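The values are calculated or read from the model by the stated rules, or taken from the named source; none is laboratory data. Not measured: the values here are computed from a predicted model. Here Cβ is always computed from backbone atoms with ideal geometry, including for glycine, and neighbour counts include all displayed protein chains. Note: areas computed on protein heavy atoms with side chains; ligands, DNA, RNA excluded. Shrake-Rupley method; radii C 1.70, N 1.55, O 1.52, S 1.80 Å.
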Amino acid sequence: MPGLKELENERVNLVAAVKKATLIALAVGVCVGAATAYFLDAIFGVTLGAISYAATTGLLTASKRREFRANFKRQIIENIVKKHGLSYDKDRGLGLDEFFTIYDCRVDEWSSEDLISGEIEGVRVKFSDFYAAKMVKKKNNTKTVVLFRGVLFKADFNKKSSCVTQIAHTASRNLAIYGQRASMDDARFEEMFDVYTTDQIGARYVLTPALMERFREICERFGCPVNAVFKDGQIFIAVETRRDDFEPQLGKSLTDEATLIAYESEIESFTRIVKELNLNRKIW
């Protein structure tokens, strides 16, 4: 990729800046914490020292992190996405409407970025990184509870059906529930998922034995809970990776082929969903 060597130099310089900032922040945190503990309270001193450390580290490296992150996404992620014939927008993503198609919970803060969109084998797809959280008031403070961190995926589903059918991972929480529970003729699938639907017959038309097997394999491939809703000729999928996806890893060299392969594999793991679920197959 053009400019890869310059981007790697930028990464190396950022790593050095982070190490330097860590030492400075540590000194600031210790001084603030010790002074606060001496004049006020030991516990308050430890807390204020930790806050000072984090704030100093952030202030000293924030602008460099933002610049490297933007350059990384423009030169690495965007180029990988283009290889798949798709479009990329680092600042946009799927919205709350798509999130609430799968989940039912109060959301106080959310963000969405890294929108990848286009057509794969004639199937229109969109997927992006997504984060949602709620604020819970405690006795002395307010705690942020993460509800979802992962990737939302949306694509056309070429089976005409008027019902809503849901695949709910047994380990997931805060899911929207559609209709009644449906028992499926796949013991391994039922160990991992519950199926809910507004039409029992329609659910079996949508969830063929082959699709259930492939969906289970997708969940095992990602190694995390995966949920889906089939609605209005579309499939909505939530992959609960519990991480901020499509982000640079500062500890890995960009001139190392294995690093670039890892970034390519991350994006390909989502584009493969279309082929694995046979979403391009039209059955009426």
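The table for this structure:
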quantity: Residue, least open to solvent (accessible area, probe 1.4 Å), within the stretch 175-196, restricted to residues that are in a helix (DSSP H, G or I) and of a type in the set (A, V, I, L, M); calculated: 192
quantity: Search result, residues across the stretch 87-133 that are more than 17 Å from the chain's Cα centre (by Cα) and more than 19 Å from residue 274 (Cβ to Cβ); calculated: 104, 105, 106, 108
quantity: Residue among 54, 34 that is open to solvent by 50 Å² or more (accessible area, probe 1.4 Å) and farther than 26 Å from residue 248 by Cβ; calculated: 34
quantity: From 147, 115, 152, 94, residue being outside any strand (DSSP E or B), of a type in the set (A, V, I, L, M) and open to solvent by less than 40 Å² (accessible area, probe 1.4 Å); calculated: 94
quantity: Residue pairs meeting the criteria (Cβ under 9 Å; at least 6 apart or on separate chains; first over 13 Å from residue 167 (Cβ atoms) and free of Cβ contacts under 8 Å to residues at least 60 places away in the same chain, in the stretch 195-223; second open to solvent by 50 Å² or more (accessible area, probe 1.4 Å) and assigned to a helix (DSSP H, G or I)); calculated: 199/205; 221/272
quantity: Matching residues in the stretch 197-235 - criterion: being within 16 Å of the chain's Cα centre (by Cα) and in a loop (DSSP other than H, G, I, E, B); calculated: 223, 224, 225
quantity: Selection within the stretch 242-267 - within 30 Å of residue 159 (Cα to Cα) and open to solvent by 20 Å² or more (accessible area, probe 1.4 Å); calculated: 265, 266
quantity: Failed item, numbered, when residue 69 is tested on (1) open to solvent by 50 Å² or more (accessible area, probe 1.4 Å); (2) out of contact with any Asp or Glu (no Cβ under 8 Å at 6 or more places or on another chain); calculated: (2)
quantity: Selected residue [aliphatic (A, V, I, L, M), open to solvent by 60 Å² or more (accessible area, probe 1.4 Å), under 30 Å from residue 4 (Cβ atoms) and within 30 Å of the chain's Cα centre (by Cα)] from 60, 23; calculated: 60
quantity: Scan of the stretch 158-169 for residues that are part of a loop (DSSP other than H, G, I, E, B) and closer than 23 Å to residue 245 by Cβ, ordered by number; calculated: none
quantity: The stretch 72-91 - residue that is among the charged types (D, E, K, R) and within 18 Å of residue 268 (Cβ to Cβ) and, of those, surrounded by the fewest Cβ atoms within 10 Å (Cβ to Cβ); calculated: 83
quantity: In the stretch 236-266, residue nearest to the chain's Cα centre (by Cα) [restricted to those that are aliphatic (A, V, I, L, M) and modelled with pLDDT of 95 or more]; calculated: 239
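For every residue, the table says whether it meets (1) among the basic types (Lys, Arg); (2) farther than 30 Å from residue 257 by Cβ.
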site	(1), (2)
3	no, no
25	no, yes
32	no, yes
42	no, yes
65	yes, no
83	yes, no
91	no, no
